[in-house]
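Report on one structure; see the data block that follows.
Read-outs throughout are calculated quantities, based only on the coordinates presented, and are distinct from any laboratory measurement. All figures in this text were calculated on a predicted structure; none of them were measured in a lab.
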Amino acid sequence: MRALGCDLGSKTLGLAVSDLSGFLASPYLTIRFPSDDYQNALDQLIPLLEKEKVTVIVLGLPKHMNGSLGESADRSIYFKEELELRTTIEVILEDERLSTVAAQKSMLMAEMNRQKRKTSIDQMAATFILQGYLDKQRHKRG
């Protein structure tokens, strides 16, 4: 299994990939696109899916702390639907609450400078989203 984690923003799409065993998520890259131009993001993402032989896509679903969905969640749901129209790969929405906060804390603890944090935050958030999914799958299997 090769999973791809995605953290979707209004101008960036952070990506992380799993190892082939589906055990460990690692930062991959950040796709940049014009504000709210999700078709552009998809155009850049689709070739990577084949290149990396992705079998499942884990897309972060931003929820409010009370569990309700807002505008950012609508953006992720739209992106999922568009992705499913353009590929046969399964797309799973994964709760991403606090993934960016966790990513920021981990980069601060690693003493990354501000510029490095700014360029890596989307990939790191995608890594946290994907690792959470992989850990849940491992627990289900026992």
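Computed 3J(HN,Hα) for the range 54-62, one whole-Hz value per residue from the Karplus formula 6.51 cos²θ - 1.76 cosθ + 1.60 where θ = phi - 60°, is 6, 10, 8, 10, 10, 9, x, 10, x, glycine and proline marked x. Residue-wise HN-Hα couplings along the range 76-92, as the Karplus relation 6.51 cos²θ - 1.76 cosθ + 1.60 with θ = phi - 60° gives them from phi, are 5, 5, 4, 4, 4, 4, 5, 5, 5, 6, 9, 8, 9, 6, 5, 10, 10 Hz; Gly and Pro carry x.
Annotation: amide H of Leu61 within the under-5 Å range of Glu94, Asp95, Glu96, sequence separation 5 or more or interchain, hydrogens built in the peptide plane.
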